[in-house]
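> Sharing a structure with you now.
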Amino acid sequence: MPTSPNDQVRRSNIMLSWSSDRVKVDGNEWVGLTAVGYEEKLERTIVHGNKKDATPLGMTRGKYSVTSCTITMLRDSAAALKQYLASKSGVGSHGAAEFTLDIQHVEPNQDVIAATLSGCRWGGSKRDDKEGTDALTEDVELYALSVIETLNGVQTSLFTDSENP
C-alpha cells in the first residue's frame, strides 16, 4: 500500500507514545504526570437568507472554547504544583494563578508536535485513594483560554485571529 507523500517518515518505526511526551508548566518540566488531555471546539452557525435555491449564504466566524482540560498527577507532584501556583498567585490560592501548559511529543529524528494551552487556571481536583499497589494520584480539572499547536515548526489553531481573518 503506498504511503501518502505528506505522511510522517518514522525512524526505526518508533511511534509517539506517553514516553514521548514532555509536559511543562510555565516552561518547567513536570515528570509526575500520568495523563493529560484537552478538548477544544469552534461552534459555528450556518446562516440562511432568502435564496431561491435555499442554500446557505455562509456561516459565522463562530465561538471558540477549550471545553475540557484535565491532567492526572502523582499526589506529591500535585501538591508541589499547588504550592508553586499558590506562591505565584500572590494571594496564597493555587486556583487564582494563571499559567501556561506545554505538551510536546518528542522522538529523535522526528518533528516535534506540540500544543501550548494558554491562560490556564486550576478548576478543581479529585482524589480517590484505594487499597492496592497503585500510586496515589490526583485528577485535576483545568480551565484554558486557548490552544496553539506547533506542527513541523508551524503554529496553527482552530480559531482565527479576528484582526487577520
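A short reminder: the numbers here are calculations on the coordinates, not readings from a lab. Since the model is a prediction, treat every value here as computed from it, not as a measurement. Glycine also receives a Cβ, built like all others from the backbone with ideal geometry; neighbour counts cover every protein chain displayed.
> For a quick check of your reading of the model, give me the residue pairs whose first member lies in the stretch 133-152 and is of a type in the set (Asp, Glu), whose second is surrounded by fewer than 16 Cβ atoms within 10 Å (Cβ to Cβ) and not in a strand (DSSP E or B), with beta-carbon atoms closer than 7 Å and at least 6 apart or on different chains.
The qualifying pairs are Glu138/Arg75; Glu149/Ser157.
> If you take the residues in the stretch 65-114 that are of a type in the set (D, E, K, R) and in a loop (DSSP other than H, G, I, E, B), which one is nearest to the chain's Cα centre (by Cα)? Step through it out loud before you land on a result.
Narrowing the stretch 65-114 to residues of a type in the set (D, E, K, R): 75-76, 82, 88, 98, 102, 107, 111.
Going one step further and asking which of them are in a loop (DSSP other than H, G, I, E, B), we end up with 98, 107, 111.
Details: Glu98: 15, Glu107: 19, Asp111: 18 Å.
That would be Glu98.
> Of all residues in the stretch 76-114, which are closer than 15 Å to Trp30 by Cβ, aliphatic (A, V, I, L, M) and buried (at least 17 other Cβ atoms within 10 Å of the Cβ)?
Residues satisfying the conditions are Ala78, Leu81, Leu85, Ala97, Leu101, Ile103.
> Hey, another quick one. Take Glu29 and decide whether it is under 20 Å from His105 (Cβ atoms) and without any contact (Cβ under 8 Å) to a residue 60 or more places away in the chain.
Values: under 20 Å from His105 (Cβ atoms): yes; without any contact (Cβ under 8 Å) to a residue 60 or more places away in the chain: yes.
Answer is yes for this residue.
> Still on this structure: Being surrounded by 15 or more Cβ atoms within 10 Å (Cβ to Cβ) and under 21 Å from Ala35 (Cβ atoms) narrows it down to one residue among Arg127, Arg121; which is it?
On the way: Arg127 fails: surrounded by 15 or more Cβ atoms within 10 Å (Cβ to Cβ).
None of the other options fit; the residue is Arg121.
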